Amino acid sequence: MSTFEADVADTLFHHGDWHTISQLRIIAAQILRKTQTDNSFAAKMRVQDQKSIPWSKSWMEELYPFSVLADRISLLDDATFCWTPLGAADFEVRAGDKAIKIQSTMAYAEREGTIGVQGGHVRKLEMKKYNADGFSFGGGLVSEPRARSQEDDVNAWRVGIAQALKKKLKAGYTGYQLLIYTPRCQFDTIDFNFDQVVIPAIKQVGRAAWEQVFDALYILDAPPSAFVELRRN
């Protein structure tokens, strides 16, 4: 690891340590700048190269989405959090007099006839192709274009979001909040509002089903407008 990568690891990636949201935001900004200015680092992060950067997967799939959520729900800088990936909750948050437990997961577009086992696998193949050739094709074939309609993309994302939610409906998460991060969803469905994609997916699962487990759902992508929050009635 480089000095930068080692410093980030030493600062943030200790299970069970408490940090401020301010610390998380500072590190997120540092990683973003490094990604924008260091092509080698960006390529490794893109494919979550854990041999070179051991914390790349944890950042891309847990801590970065959580940092985005912290901004969306306006957590104050002095709020604190604990990353607990080995526990039932991925994050514990203390904000004022509130104690919140958050389970985190990823969702990807799920299509039939792709070269990957599932959406997450296709996403990694796309990133490997991009690193090798500077481009990749959407739609699940990666190395060649695939004809598809806007509705095809929307339906694929709805399937992926619904599947991600269903997999987390476990009694052990009762009373938690669920973060579902959907990388590139808004880009793939640019002609639709984000909630037009997300809400029908959640309805496929049913409010009664998810309310038995979670107090709240947060579905989000990186762009600020890509955010849906649903709370138990």
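The values are calculated or read from the model by the stated rules, or taken from the named source; none is laboratory data. A quick note: this is a predicted structure, and the numbers were derived from the prediction, not measured. Positions of Cβ are backbone-derived with ideal geometry, glycine not excepted, and every protein chain shown enters the neighbour counts.
Listed values, structure above:
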item	result
Breaking point among (1) outside the structural domain of residue 65 (by TED's automatic domain parsing); (2) assigned to a strand (DSSP E or B), for residue 82	(1)
Hey, residue 62 of a type in the set (Asp, Glu), farther than 22 Å from residue 105 by Cβ and surrounded by 14 or more Cβ atoms within 10 Å (Cβ to Cβ) or not	no
Sole residue being among the basic types (Lys, Arg), assigned by TED's automatic domain parsing to the domain that holds residue 161 and surrounded by 14 or more Cβ atoms within 10 Å (Cβ to Cβ), chosen from 101, 57, 124	124
Qualifying positions in the stretch 185-208 - buried (at least 16 other Cβ atoms within 10 Å of the Cβ) and in a loop (DSSP other than H, G, I, E, B)	189, 192
Residue in the stretch 202-213 that is without any contact (Cβ under 8 Å) to a residue 40 or more places away in the chain, within 27 Å of residue 59 (Cα to Cα) and of a type in the set (A, V, I, L, M, F, W, C) present	no
Matching residues, the stretch 5-21, being surrounded by 15 or more Cβ atoms within 10 Å (Cβ to Cβ) and at pLDDT 90 or above	19, 20, 21
Residue in the stretch 105-162 that is modelled with the highest pLDDT, counting only those that are outside any helix (DSSP H, G or I) and of a type in the set (D, E, K, R)	110
Verdict on residue 114 being in contact (Cβ under 8 Å) with a residue 24 or more places away in the chain, out of contact with any strand residue (DSSP E or B) (no Cβ under 7 Å at 6 or more places or on another chain), in the same structural domain as residue 204 (by TED's automatic domain parsing) and surrounded by fewer than 21 Cβ atoms within 10 Å (Cβ to Cβ)	yes
